[in-house]
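The values are calculated or read from the model by the stated rules, or taken from the named source; none is laboratory data. It should be emphasised that the depicted structure is a prediction, and the values quoted were computed from it without experimental measurement. Cβ coordinates were reconstructed from backbone atoms using ideal geometry, including for glycine residues, and neighbour counts include every protein chain displayed.
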Amino acid sequence: MRLTLDACVLFPTVMREVLLAVAGQGLFTPLWSDRILGEWQRAAARYGTQSEAEALAAIAHCTDRFPNARVKPQQGLEHRLHLPDDNDIHVLATAIAGHADAIVTLNAKDFPRGTLQAEGLDRRDPDGLLWELWSHHPAQVEAALEQVRATASQMSGEEKALKSLLKRAKLTRLARAIPTN
């Protein structure tokens, strides 16, 4: 399954790390464009230069980890596409150019299902997607989640509870579904 990740699921950090850890387990192939990555960087920059520097480092890490994720724009494709917000057309164009199955976004209103279906695409919210992947591949998703939890604990210097980490990242359905340790 090939999934275009919108900037709104790449920033915030925990949601991105969960999605990419699950992708690292081979459960889907992430896709993005330079413009999507630029949106992530600009969103982080609103929180200051340190956040922007952290975003740049994370973007470099992501592009190294998933070297085939970057989709190059197709000449003229955006001109034939229409969405409620013209600023999101590049995401749809990336999905089409990358032969994605779906766009993973929190922005449902600007990605109408009918428009996406006409292009052979679906829209997935990250929580529902991750819950579905967990329901079919629990061991792989739980391994990815443990990796994210361990990293968050190491970075903060204190033990992090997985369920609360997921809930703060707006992954509540997944948080409810995973077993308590």
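For the stretch 40-62, a tally of residues being crowded, with 21+ Cβ neighbours inside 10 Å and under 18 Å from Ile89 (Cα atoms) returns 1.
Within the stretch 123-148, residues that are buried (at least 16 other Cβ atoms within 10 Å of the Cβ) have Cβ atoms under 6 Å from residues that are in a helix (DSSP H, G or I) and of a type in the set (Asp, Glu) in these pairs: Val148/Glu17, counting only partners at least 6 apart in sequence or on another chain.
Yes/no matrix, rows are residues, columns are (1) in contact with a strand residue (DSSP E or B) (Cβ under 9 Å, 6 or more places away or on another chain); (2) closer than 21 Å to Met1 by Cα:
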| site | (1), (2) |
| --- | --- |
| Ile103 | yes, yes |
| Leu121 | yes, yes |
| Pro126 | yes, yes |
| His136 | no, yes |
| Glu142 | no, yes |
| Glu159 | no, no |
| Leu165 | no, no |
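Of all residues in the stretch 86-102, at least one satisfies being modelled with pLDDT of 95 or more, exposed (fewer than 14 other Cβ atoms within 10 Å of the Cβ) and outside any helix (DSSP H, G or I).
Pairing residues of the stretch 52-65 that are closer than 17 Å to Val18 by Cα and without any contact (Cβ under 8 Å) to a residue 24 or more places away in the chain with residues that are of a type outside the set (Lys, Arg) and surrounded by 13 or more Cβ atoms within 10 Å (Cβ to Cβ), at Cβ distances under 6 Å and at least 6 apart in sequence or on separate chains, gives Ile59/Leu37.
A count restricted to the stretch 117-173 and to residues that are among the β-branched types (Val, Ile, Thr) and in contact with a helix residue (DSSP H, G or I) (Cβ under 6 Å, 6 or more places away or on another chain) stands at 2.
Every test in (1) surrounded by fewer than 21 Cβ atoms within 10 Å (Cβ to Cβ); (2) in a helix (DSSP H, G or I) is passed by Lys72 save one, and that test is (2).
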